[in-house]
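Shown next, in structure tokens, is the structure this report addresses.
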């Protein structure tokens, strides 16, 4: 799934899953019709109504009986009809419903087994002018990550490559690759912020194949001004990836790392339990065991105690033996940075002297979700607002960086972890000089602008509800 990103979502992220939930509700909470009078679709809609009136953050805006909702719709349409201010910045941008899919690989020790081409890409909507003056809209796929030992890696595709033809045809869709098992890719070059197509551009033939995908995309130690700097590019807060984080942080600790650059530019979120672990590895030991983040759900959930309203950092031997003692943190972001990633920034700040954000304004998902399942559907409503230990949150418009820099204005991309990579380079400059570099306004505004990361309509990883209530 070349486009598995992101969004496994931009919405996604901080998703909380309950694999088996059976909740009894009082009759005055909602008044369902007799099941015998309902057809199949209405039974599905009734199930959606019951779950939404119980869990949904904005449940006060849902009519107080099933009959008052227009339920002569399919499940997706009915679900959409219940959402509060759909796609409004201060309403609901992140709830979704989808058919259950048990075919995908499950995370094991933080990694998954995938079967696709093995690279992630952004796309640029471009115009192609032919010799006769005809203008056509085409897409360029710009590779920003290649999974090790994947078909793409074995075919020598690398970060920064630009694909402009598939099977000798220009690209006219953002999802052109999903229907192929074997493809021929034509690559082009970029020089001085100008992309040109040439007959001599290389062609790469590639087939889908199996490989192991890790949420840690890069981990390295750099030396800057006699200081050891740890760099970690973390793709998602995936189930089981705590062990991968322990290993990376132990390497940092054993090598005397004093500063950390946490690259979350492609991280759309994931398990809240993993965010707890990452926060525990970052904040000073003296603050372990304290509240990391809080959740504010609707009154039904708040009074039922079905959700842990305060989650604390971990204080145990494993954490203490692997953690860093940091006073400041550098975080790299883009507009794809969301959910658990934003929560990590928000909730680490009270325990550190400084958290510096470098890159682009983040997505703005300051809420958590739950996944509710029946035999057919996966229902994922927003259920709570998120706050740090000081009862502060970030705006729905996202976390604004301390130093704004768009990686898409610096094509071609440089390898993650390379000290010359623009976002990382700014962090290293600040570590060495104690301030951010200066730059001209024109240089900040040059280039192609912000590209779009290809993603599904939903994303993120999951956290079981019973983990939250421990």
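When you go through 437, 401, 419 one by one, which is the residue that is over 22 Å from residue 272 (Cα atoms), modelled with pLDDT of 90 or more and within 21 Å of the chain's Cα centre (by Cα)? Can you show your working first?
Working: 437 fails: within 21 Å of the chain's Cα centre (by Cα); 419 fails: within 21 Å of the chain's Cα centre (by Cα).
Checking each option against the conditions leaves just 401.
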Of all residues in segment 315-345, which are under 26 Å from the mean Cα position of the chain (by Cα) and part of a helix (DSSP H, G or I)? 319, 322, 340, 341, 342, 343, 344, 345
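I'm checking my understanding of the structure. Among residues of segment 149-164 that are farther than 15 Å from residue 190 by Cα and either in a loop (DSSP other than H, G, I, E, B) or at pLDDT below 95 (or both), which one is nearest to the chain's Cα centre (by Cα)?
First, the residues of segment 149-164 that are farther than 15 Å from residue 190 by Cα: 149-157.
So of that shortlist, the ones also either in a loop (DSSP other than H, G, I, E, B) or at pLDDT below 95 (or both) come out as 149-150, 155-157.
Details: 149: 23, 150: 22, 155: 27, 156: 26, 157: 24 Å.
Among those that are farther than 15 Å from residue 190 by Cα and either in a loop (DSSP other than H, G, I, E, B) or at pLDDT below 95 (or both), it is 150.
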Could you go through segment 191-214 and let me know if any residue there is under 27 Å from residue 317 (Cα atoms) and under 17 Å from the mean Cα position of the chain (by Cα). yes
Meets criteria (farther than 16 Å from residue 332 by Cβ and in contact with a strand residue (DSSP E or B) (Cβ under 6 Å, 6 or more places away or on another chain)) for residue 261: no
Matching residues, segment 215-241, being assigned to a strand (DSSP E or B) and more than 18 Å from the chain's Cα centre (by Cα): 219, 220, 221, 222, 223, 224, 227, 228, 229, 230, 231
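Restricting attention to segment 44-76, which residues are assigned to a helix (DSSP H, G or I) and either loosely packed, with under 14 Cβ neighbours inside 10 Å or at pLDDT below 90 (or both)?
Narrowing segment 44-76 to residues assigned to a helix (DSSP H, G or I): 44-55, 59-61, 66-68, 75-76.
Residues satisfying the conditions are 60, 61, 67, 68.
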Go through the residues of segment 112-134 one by one and say whether even a single one is modelled with pLDDT under 80 and buried (at least 16 other Cβ atoms within 10 Å of the Cβ). no
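So, in segment 167-188, of the ones that are touching a strand residue (DSSP E or B) at 6+ places or on another chain (Cβ under 8 Å) and exposed (fewer than 15 other Cβ atoms within 10 Å of the Cβ), which residue ends up modelled with the lowest pLDDT?
Restricting attention to segment 167-188, the residues satisfying the condition of being touching a strand residue (DSSP E or B) at 6+ places or on another chain (Cβ under 8 Å) are 167-168, 170-174, 176-177, 180-188.
Add one more test, that the residue is exposed (fewer than 15 other Cβ atoms within 10 Å of the Cβ), and what stays is 167-168, 172-173, 181-182, 184.
Details: 167: 95, 168: 93, 172: 90, 173: 87, 181: 96, 182: 97, 184: 97.
Here the answer is 173.
Does segment 315-323 include one or more residues that are closer than 20 Å to residue 387 by Cα and either modelled with pLDDT of 95 or more or in contact with a strand residue (DSSP E or B) (Cβ under 6 Å, 6 or more places away or on another chain) (or both)? Step through it out loud before you land on a result.
Kept after step one, since they are closer than 20 Å to residue 387 by Cα, are these residues of segment 315-323: none.
Taking every residue of segment 315-323 in turn, none turns out to be closer than 20 Å to residue 387 by Cα and either modelled with pLDDT of 95 or more or in contact with a strand residue (DSSP E or B) (Cβ under 6 Å, 6 or more places away or on another chain) (or both).
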For segment 368-376, state whether one or more residues are in the same structural domain as residue 396 (by TED's automatic domain parsing), surrounded by 24 or more Cβ atoms within 10 Å (Cβ to Cβ) and modelled with pLDDT of 95 or more. no
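Quick check on this structure: which one of 298, 267 is touching a helix residue (DSSP H, G or I) at 6+ places or on another chain (Cβ under 7 Å), within 17 Å of residue 216 (Cβ to Cβ) and assigned by TED's automatic domain parsing to the domain that holds residue 320? Give the derivation first.
Details: 298 fails: within 17 Å of residue 216 (Cβ to Cβ).
None of the others qualify; the one that does is 267.
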Report yes if some residue within segment 390-401 is surrounded by fewer than 18 Cβ atoms within 10 Å (Cβ to Cβ) and within 30 Å of residue 77 (Cβ to Cβ); otherwise report no. yes
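The values are calculated or read from the model by the stated rules, or taken from the named source; none is laboratory data. Predicted, not measured: the structure shown is a model, and the values here were computed from it. Heads up, the Cβs are rebuilt from the backbone with ideal geometry, glycines too, and the neighbour counts pull from every protein chain shown.
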